[in-house]
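Since the structure comes first, as structure tokens, the remarks are kept for the end.
The values are calculated or read from the model by the stated rules, or taken from the named source; none is laboratory data. Values in this document were obtained by computation on a predicted structure and should not be read as measured data. With ideal geometry, Cβ positions are generated from the backbone for all residues, glycine too; neighbour counts draw on all protein chains shown.
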Amino acid sequence: MSHHEPPRLQPPDPLAQAEFLRRLRPRGLVAIGVILALVVSGVASRHARDAELARVTQEAVIPTVELCTPTLSTATQELVLPANVEAFVDAPIYARVNGYLKSWAYDIGAQVKVGDVLGVIDAPDLNQQVEQAKGLLARSKAEQNLARATAKRWTTLRNQAAVSPQSADEKTGNLEAAAASQNAAQANLDRLVALEAYLNLTSPFDGVVTARNVDVGALVDAGAGRRELFRVADIHKMRVYVRAPQAYAAKITPGLTARLTLPQYPTREFSTKIMTTASAIAAGSRTLLVQFEADNPDRALLPGAFGQIRISLPPEGAPLLLPASALVFVNASPQVATVDERGVVRMKNVKIARDLGPSLEISAGLSETDRVIRTPWQSVHDGIAVRIKDGERKEAQAR
Amino acid sequence: MLQLVLIALRRPYTFVVAAVLIVILGALAIVRTPVDIFPAVGIPVVSVIWTYVGLSPDDMSTRILYPYELALTALVNDIDHVESQSYNGIGVNKIYFQPKVKIDLALAQVGAAGQTVLRLLPPGVQPPQVISFNASTVPVIQIAFSSATRTEAEVADAVYTLIRPPLTTVTGAAVPFPYGGKSRQVRIDLDQEKLLGLGLTAQDVVTAVERQNLIIPAGTQKIGDYEYAVLINDAPADIAALNDFPIKRADGAIVYLRDVAHVHNGNAPQTNLVRVDGAPAVLLPVLTSGSASSLDVINGVKAMLPRLKLALPDGIEMTVIGDQSAFISGAVVSVAREAAIAAALTGLMILLFLGSWRSTIIITISIPLSILAALFALSALGETVNVMTLGGLALAVGLLVDDATVTIENVNRHMEAGEAIDDAIIKAAKEIITPATVSLLCICIVFAPLLLLGGVAGYLFRPLAEAVVFAMIASYCLTYTLVETMARYFLSAQQREALREAKYGPARRGVFLATFTRAQIAFERGFERLLDTYARVLQLALARPKAFVAMFFAGVALSFTLTPFLGRDFFPETESSSLRLHVRLPTGTRLEQAGVLCDRIEAEIRDVLPHGALTSIVDNIGLPISGINLSYNNSGTIGTNDADLTLSFDPEKVADASPFAELLRERLPRAFPGVVFSFLPADIVTQILNFGLPAPLDIQISGSKRDENLVYLQKTLERVARVPGIADPRMQQAGDLPTLHVDVDRTLAQEVGLSERDVTVSLQTMLAGSFQTSPAFWLNVKSGVSYPIVTMEPQFWNTSLDALASKPVAAGEGQQILSGIASIRRGWSSGVVTHFNSQSAFDIYAGVRGRDLGAIADDVQKILDDTRKEAPAASNLALRGQIATMRSAYADLLLGLVLSIVFVYLIIVVNFQSWLDPFLIVSGLPTALAGIVWMLFLSETTISVPALTGAIMCMGVATANSNLVIAFARERLDHGDTPLHAAAAAGVTRFRPVIMTALAMIIGMAPMALSAEQNAPLGRAVIGGLTFATMGTLLLLPVMFSLAHGFLARRRAQRAQYDAPENTELEQANVAP
């Protein structure tokens, strides 16, 4: 096989070598040229790529921001408090006489006018007392007539000096006593007659019967502290009582309007107005009792209802409104990042007047012309160059 | 070995049977061995997941994780490091162990530590969930569920109860909780107003549920002959029945639950939203756990899906997305194909060189046999068939034919010398065995340092080294067994044929064979001319040895000046037809708003990208419901303000989506100020290499001085962002979570009869729900699934700051609202808290684009070094992530390279019994490195771990070739040739085998070098290195040999001149006794 031939190792022939070298030289030069070209192009393309990369990286460093400008705040802050709705006037009806209920005329929910008889108490013993009083009156009248006649007679006799002044004075005195006695009997009768009027339980004002706790035949005892027979409430207007925390006491002034909501009317709001406050903080709960008044034309508000009062607290002064996302805390002091005309970040310390949740009221540190970064990043600081989001830059230029 | 040769000749069936055995076992190994993309990265990680609904990240880290971390350090062995992330309500503690850990013991210790600290933690906290996985676990397939007719809660419930449990039975599958959807709960919607009206508190409702809904067995009763089970209606079977729970008696009436609340079948407040092309969906990812093969897991899941589909309620659609099986099998098949092509090309080359089909068959048959044997060995060691092992085999293909070729050539030579076949074989084997053993040792020894590699790189490259070594050993053994047996039959047949031809003239041959013979003759002629040219060049160089050596080394040295232009990567970039975009919206953005913003971002993306390229977008917005998902998560999600967008492109049209990433990097930040965009690795290769981190670069500062550390890192972020080629630098720990601080005035509260506890409990029930402190369950009797009962005010009723301020905090007489006894102020808190080794840590994550990782990391390191004094002295500042792994891998590999050269040197010292000649060989090795530099420079390939592996490989092959030349030259020298003559003779004689070996290797590597795979740099490095190394072997080495030995000869001659008398005396003295 050919490759097992012994190697050709002729002694080197200097002439042939020189010739070989001469032929090799141009090829070598070409090879070196190609190599250099490869190196140069390889290095150059890498340089170009690095330069482009550096440019792209620098470009990417500049953050794009979205701007917003502060607006004057008209926002109100809402305070929601539990409220008790009560009738404008509310009267429990008690019996003034003892007896049995003879009848009742109005059930709960009935509209009543002033003077309407709600129920009648049957009190036979009272009637007998009246009869007795009448008898007593008649008797005292008869006695008075007799005394008058006697006195007249004795006065005439005295004038004729027929009797002693003593006895004449006695008769005159008897007449006066009889008159007084008759007056007393009359008064007694009148009292009983008046009591008889209480047999009719009447409504003290126009309103609604909100309670009826008796039925026909029930024994009724006179006096307060006994059983409440009826309850009448005037609900053309309602009073709403709210206990406001002490923290809000300064802001709650008569005249403020508020909205009342009730669980039974999830979509309806009733407008109310602060009438007065207790002007004192209750020591037990550290709250201020506030009284609201609400019109109740359609009787939708019911006394005793539980509701929620939403008080809209107006802004103080004329603060600027900013989205809450614009706020940055640096060393616990609130700041916002603004962008100046050259597109560089300037941090500004601001004072937050109120936090409305999605937005903030800024009372100091910011002007209406400031351009504020809407969503700054955590480590934003002075002197960073930023790019403004495209749409807004056009707007800014137009301005 | 020679005994083996004798057996091969005398008992020829032995090794034929052995070969058959190899084929059977190898084929079995191929079928049985799991196929995967990479070798298993067996760095064990245990994740401990704590849950406490509503607990802020700051509290989670200080109240739960920190005590636990301290306990871990005392109670658990073999911890490498501990990391933890605290999210809102979830804390994830990841414990990375030393590779040598006994994971079962570690798991037991970790679990026990959790029980130990439980008493020290906030009341109501549950024992943690403990899962073990490995850090390179990535999703291999995802299944999306959506429905037009059913609610998200129903879909999620169906996936959780019907799909997930059976899927977990697929061997090796790890199935976390589904992403997206709504997790079903029994909700008790409190109506605060009604509660207040009735003078009740939320706590009363919770207590009522506790009292009315019990799971207490009543027992049994014996009546007559039977023992009756007594069942009591202590837990309602119907959700509506909960509405009828009495709470209290008031004003003669019973207050029922329905009077103050509404009980219904609902869902937990959503924190995680998944959308597939805009439609809400539930996403179930499947990961691989343990040593299972990804491909097996995917196939197992896919095989189970049709059956699972039947179990799903009507109207739920199921689609498979993110199926990685095509990618994995594609990668594996392409490497296998490269190996096959390499084998075929090598065979063809041998055929051309030898011109004998018999010899070619004998030689090439050892390729498949060696590979099969190596596969069997790898399989026996528990390795999977993967890109690395196959890459190693592909690498070895070119080497496998070496021993056999040399043997056959030698046998031929002896037979031509007229020896009988058996004698020829035995003599040939005897002659060859020493150099063959030396070159086997050389190649095996250079791979030894790869076995020492630590970290991820070690796990990846150890199997590659094993594959090469096993294949080489197999080939070596086959050479002295099967090859000899085959040679005996085939070559004697050849000899007989030759004799016949000599006697009766050439046999009649087919057209094909004739053509081939002509081609072979033409090739031989060409080769002769090449040899001739080589001989002239060699003689030219030998004539001016010093100038030549100087020029050669100058050329090599100059080549090294190109090194700085190469760049260093850990692994070459992988092309992927999908992108993963991580979107960080302003911290604290609520889920609903995040969904809206993602819609706009998607619209912008569709607008920017060319029409038709995009096939689908999958959004995964917010925090998954379970910490288990967070353990597997590698995108850095911290809350509802984070979203992962996966953009999939049509692989036909878009092979590499990275240009789109560049486009989006430019456009998106401008369109969405305040939103941070970052691209995460979409391919599983990079995800595995990133080791669970979202980016290759992680600048981390940890230490007790939190605020100073944060300020320093924020400054660093600005500086680092200017490093050319850095991509998406971002701060991971968002410290600007919008927070409302409720400061209760304790004195005032006390005055009105309230305590901090009353206020806290009221707020908790309203804002976080009752479940954490008073867990209760409702059992769905039909499905057997228990659902939590949660008492809470519906979130949509609390939509303003005023609503919070007006929250009633106590019922009854002392009715108070929150703002009456507390002030509410705006502030910030941590969106996530990270601990590294139980110290608070901050991270900057960054990727790379258009520049090599090494250079960028150097720039970053310089910034860190320059500004180190600005950071607190006690803080620990580190560059972590892929770059750290890369650095240690480079250090290991470079040390390995040096060690391999030293080892190789020592071996050949033993072989040649000389210090000088091995030195000559070793001093030629830089030539190979120069060749690698050139090749990488010209192919614009960066230095990477595969390239370095290639360099190591080159060292072995180059040494083996040089051995041949030096051995021959020494032989000639011993025969009395002059050094010059010996060198020239060695070069010319060994030209052919050296060229053959190198060419076999280069051809074998060509398919790999031309591919776009991970191992392409390896192939390129070997080709470049070997091309130059061969020049060194054939030109430089003879010249240096003649130079060195010429010098020695001259010196000896001089000494002989001076020392002649003494020498004679000495000799006489030695002889005399």
Filter result (of a type in the set (D, E, K, R) and either within 14 Å of chain A (Cβ to nearest Cβ) or farther than 20 Å from B:Asn633 by Cα (or both)) within the stretch B:558-600: B:Arg568, B:Asp569, B:Glu573, B:Glu575, B:Arg584, B:Arg590, B:Glu592, B:Asp599, B:Arg600
Conditions first: (1) touching an Asp or Glu at 6+ places or on another chain (Cβ under 8 Å); (2) farther than 30 Å from B:Asp36 by Cα; (3) of a type in the set (A, V, I, L, M, F, W, C). B:Leu378 passes all but one, so which condition is the exception? (2)
Would you please name the residue that is surrounded by the most Cβ atoms within 10 Å (Cβ to Cβ), looking only at residues in the stretch B:823-863 that are within 10 Å of chain A (Cβ to nearest Cβ) and touching a Ser or Thr at 6+ places or on another chain (Cβ under 7 Å)? B:Gly831
Which of the numbered conditions does B:Glu524 fail, given that it passes all the others? Conditions: (1) without any contact (Cβ under 8 Å) to a residue 60 or more places away in the chain; (2) within 20 Å of B:Arg990 (Cβ to Cβ); (3) not aromatic (Phe, Trp, Tyr). (1)
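Name the residue, out of A:Ile352, A:Ile311, that is within 12 Å of chain B (Cβ to nearest Cβ), part of a strand (DSSP E or B) and farther than 25 Å from B:Gly674 by Cα. Quick ask: steps written out before the conclusion?
Working: A:Ile352 fails: farther than 25 Å from B:Gly674 by Cα.
The match here is A:Ile311.
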Among the residues of the stretch B:293-304, which ones are buried (at least 17 other Cβ atoms within 10 Å of the Cβ) and in a helix (DSSP H, G or I)? B:Ser294, B:Leu295, B:Asp296, B:Val297, B:Ile298, B:Gly300, B:Val301
Test for A:Thr64: is it hydroxyl-bearing (Ser, Thr, Tyr) and either without any contact (Cβ under 8 Å) to a residue 24 or more places away in the chain or surrounded by fewer than 17 Cβ atoms within 10 Å (Cβ to Cβ) (or both): no
Does the stretch B:651-661 include one or more residues that are at the interface with another protein chain (Cβ under 10 Å from one of its Cβ atoms), surrounded by fewer than 19 Cβ atoms within 10 Å (Cβ to Cβ) and free of Cβ contacts under 8 Å to residues at least 60 places away in the same chain? no
Considering only the stretch B:405-421, state which residues are modelled with pLDDT of 85 or more and either surrounded by fewer than 18 Cβ atoms within 10 Å (Cβ to Cβ) or among the basic types (Lys, Arg) (or both). none
Among the residues of the stretch B:161-193, how many are within 14 Å of chain A (Cβ to nearest Cβ) and part of a loop (DSSP other than H, G, I, E, B)? 1
Could you go through the stretch B:634-656 and let me know if any residue there is modelled with pLDDT under 90 and in a helix (DSSP H, G or I). no
With a cut-off of at least 2 residues that are over 28 Å from B:Asp683 (Cα atoms) and without any contact (Cβ under 8 Å) to a residue 12 or more places away in the chain, name the helices (runs of 4 or more DSSP H) lying wholly within the stretch B:309-385. B:325-354
Condition (residue is at pLDDT below 90, in contact with a helix residue (DSSP H, G or I) (Cβ under 7 Å, 6 or more places away or on another chain), more than 24 Å from A:Phe205 (Cβ to Cβ) and surrounded by 13 or more Cβ atoms within 10 Å (Cβ to Cβ)) applied to the stretch A:108-127: is it met by at least one residue? yes
Exactly one of B:Ala857, B:Ala891, B:Ala958 is outside the structural domain of B:Val387 (by TED's automatic domain parsing), within 21 Å of B:Gly725 (Cα to Cα) and of a type outside the set (Asp, Glu), and that one is B:Ala857
Filter the helices (runs of 4 or more DSSP H) completely within the stretch B:1-85 down to those with at least 3 residues that are buried (at least 22 other Cβ atoms within 10 Å of the Cβ) and at pLDDT below 90. none
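So that you can scan it fast, the table gives a plain yes or no per residue for (1) facing chain B (nearest Cβ under 9 Å); (2) touching a Lys or Arg at 6+ places or on another chain (Cβ under 9 Å):
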position: A:Ser41; (1), (2): no, no
position: A:Ala48; (1), (2): no, no
position: A:Val65; (1), (2): yes, yes
position: A:Cys68; (1), (2): no, yes
Selection count where residues are of a type in the set (Gly, Ala, Ser), at pLDDT below 85 and either surrounded by 19 or more Cβ atoms within 10 Å (Cβ to Cβ) or over 21 Å from the mean Cα position of the chain (by Cα) (or both), scope the stretch B:440-470: 3
Here's a check for you: in the stretch B:965-994, which residue that is among the aliphatic types (A, V, I, L, M) and away from chain A (no Cβ under 14 Å) is surrounded by the most Cβ atoms within 10 Å (Cβ to Cβ)? B:Ile966
From the residues in the stretch A:1-27 that are part of a helix (DSSP H, G or I) and either at pLDDT 85 or above or within 16 Å of B:Ala986 (Cα to Cα) (or both), which one is farthest from the other protein chains (Cβ to nearest Cβ)? A:Pro26
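Answer yes or no as to whether B:Arg544 is of a type in the set (D, E, K, R) and surrounded by fewer than 16 Cβ atoms within 10 Å (Cβ to Cβ).
Considered against the rule, which asks whether it is of a type in the set (D, E, K, R) and surrounded by fewer than 16 Cβ atoms within 10 Å (Cβ to Cβ), B:Arg544 comes out as yes.
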Output the number of residues of the stretch B:718-752 satisfying the condition of being more than 7 Å from chain A (Cβ to nearest Cβ), assigned to a helix (DSSP H, G or I) and touching a residue at least 12 places away in the same chain (Cβ under 8 Å). 3
Out of B:Leu1026, B:Leu1010, B:Leu1035, B:Leu999, I need the residue that is assigned by TED's automatic domain parsing to the domain that holds B:Asp977 and within 27 Å of the chain's Cα centre (by Cα). Which one? B:Leu1010
The residue from A:Thr253, A:Thr267, A:Thr257 that alone is surrounded by fewer than 19 Cβ atoms within 10 Å (Cβ to Cβ), more than 13 Å from chain B (Cβ to nearest Cβ) and without any contact (Cβ under 8 Å) to a residue 12 or more places away in the chain is A:Thr267
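Going by the conditions given, is B:Glu193 touching a Ser or Thr at 6+ places or on another chain (Cβ under 7 Å) and not hydroxyl-bearing (Ser, Thr, Tyr)?
No: the conditions fail for B:Glu193.
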